[in-house]
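The values are calculated or read from the model by the stated rules, or taken from the named source; none is laboratory data. None of these values were measured; they are calculated from a predicted model. In this analysis, Cβ positions are derived from the backbone assuming ideal geometry, glycine residues included, and neighbour counts consider all displayed protein chains.
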Ligand code: XMP
């Protein structure tokens, strides 16, 4: 087994039973495609890096689309790709049931780049043999590129501008052991004789290492060589182009009828709403559920941005009482999520009740949110689990889903938000969990505790912004602990709850480190909280990284 498995993060989803819906976009029928956009199709064999490959290709200026590995030739022709990339994957090609692709791919006449498992499956389909490679290779490995031989001029293109000795990131147990004269060995490592390969007759190139990860210093150069020297891409894809084709696609999917969008105040749903508004104008209705678990000023900011600034139809559902009474006595974190998930569905239905021609529901699902069982593997039903903050709604509400951000990463969504003209303060907002302050009020959630937490959290954020640290940190918030501690306040004795401050640095939120906030700033925040928030007399700073600690306390 190679470790290229798809990631899982079950802590980020609500009760799976009520929130799973079938995804339309990983079905075996590719949607209508704008063939004017140069596309690279990435056959996803289940690698944790498949989405990263797509992102690198987009960074290089070419549109990328992930497809199932068993996509048919007819479906591929419909996408009109200028090249194919076969991703890595966790299986071994010689195992029964290992995912395979159509062997006729190589007859389409477009260049194919196989990466890790993708190289192995291609070599096997073209007549080579893959076997367990003994100890395997994991991590940084020295690669030696063979001198150019002129045997296949295109083969040299793959490594143009790359030093003959370079470091690459390996992650494989199996390797190609047997190959015939149709294959040209382009590079090797100390233990892997075929670390890069080209074919004399088929338009195929393969690399055993991962060019898409930053640990392969010339990885981007190799991918660019494939795109520009081998696939002859023109590199015209930009976020503006994505915007145009996304607008076009939404208009085709929803030519008539109302489109509903659950706004949470976070970046993803805000960008979704702005994009939908661009595509369908006044047919968009945004529903914002005030669940009483929001941060200070949150509702006002959402109303100010979407109703007053963008002049969108925004319906606010006042549901704080319902959420708080449903949460009464609930202390277990996952149970809180379940209760909030159910209350959200009821509140959303209430907000949508008088919208008679609501046919579509737009959701800001991002690529990393798409947690699939055996992502993209042949035969697997594509399922997604939805975050509450993008509107976790069950299938039986009768809406057709529109998920225009499904192929994007967070930073790409932020870029799209900028292109759409959303204010910087919204585009660069830290993530906020769907269950809101409920999972930051450890133990039972009450109005009084929420009031303390909201105030402390407001002070913390105000100081972080004032110190210019908001963009440098990934997520900053206060947590109210169900612990009381003694304090001397004036001549009196206090016995009050404790506030924990959490600030983390992270790029993907799967791992995080606690931020090294300057002591003086911590001192100022602590002073302000104990002086200004009546009922809090002690502040602590959380210095736990993730793993093992999660970002949220609950
Ligand atoms: P953890 O606490 O799992 O959080 O390290 C990782 C990221 O996910 C957010 N988070 C959630 N978001 N619903 C959400 O929409 C949830 O139930 C939930 N739990 C955690 C968290 O704020 C962080 O950004």
Notebook entry, point to check: Is it the case that the range 433-448 has a residue that's more than 16 Å from the ligand (Cβ to nearest atom), at pLDDT below 95 and part of a helix (DSSP H, G or I)?
Noted result: no
Next item on the list: Take the range 384-412 and flag every residue that is modelled with pLDDT under 85, over 16 Å from the mean Cα position of the chain (by Cα) and not in a loop (DSSP other than H, G, I, E, B).
Entry: 395, 396, 397
Next item on the list: Scan the range 240-258 and give yes if some residue there is surrounded by 15 or more Cβ atoms within 10 Å (Cβ to Cβ), closer than 30 Å to residue 293 by Cβ and either touching a helix residue (DSSP H, G or I) at 6+ places or on another chain (Cβ under 8 Å) or not assigned by TED's automatic domain parsing to the domain that holds residue 285 (or both), otherwise no.
Entry: yes
Note to self: Can you find, within the range 413-428, the residue that is farthest from the ligand (Cβ to nearest atom) among those that are assigned to a loop (DSSP other than H, G, I, E, B) and surrounded by fewer than 20 Cβ atoms within 10 Å (Cβ to Cβ)?
What the structure shows: 421
Notebook entry, point to check: In this structure, does residue 488 turn out to be away from the ligand (no atom under 16 Å from the Cβ) and farther than 24 Å from residue 550 by Cα?
Noted result: yes
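Matching residues to (1) under 14 Å from residue 200 (Cβ atoms); (2) touching a strand residue (DSSP E or B) at 6+ places or on another chain (Cβ under 6 Å):
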| residue | (1), (2) |
| --- | --- |
| 119 | no, yes |
| 129 | no, yes |
| 156 | yes, no |
| 175 | no, yes |
| 178 | no, yes |
| 184 | yes, yes |
Notebook entry, point to check: Tell me, which strands (runs of 3 or more DSSP E) wholly within the range 58-169 include 1 or more residues that are at pLDDT 95 or above?
Noted result: 81-86, 112-115, 129-145
Check: In the set 293, 314, which member is touching a helix residue (DSSP H, G or I) at 6+ places or on another chain (Cβ under 6 Å), part of a strand (DSSP E or B), more than 21 Å from residue 248 (Cα to Cα) and not assigned by TED's automatic domain parsing to the domain that holds residue 455?
Finding: 314
Check: Any idea which of 365, 381 is more than 30 Å from residue 444 (Cβ to Cβ), assigned to a loop (DSSP other than H, G, I, E, B), modelled with pLDDT under 90 and within 16 Å of the ligand (Cβ to nearest atom)?
Finding: 365
Check: Which ones in the range 491-522 are away from the ligand (no atom under 16 Å from the Cβ) and surrounded by 12 or more Cβ atoms within 10 Å (Cβ to Cβ)?
Finding: 494, 496, 497, 498, 499, 517, 521, 522
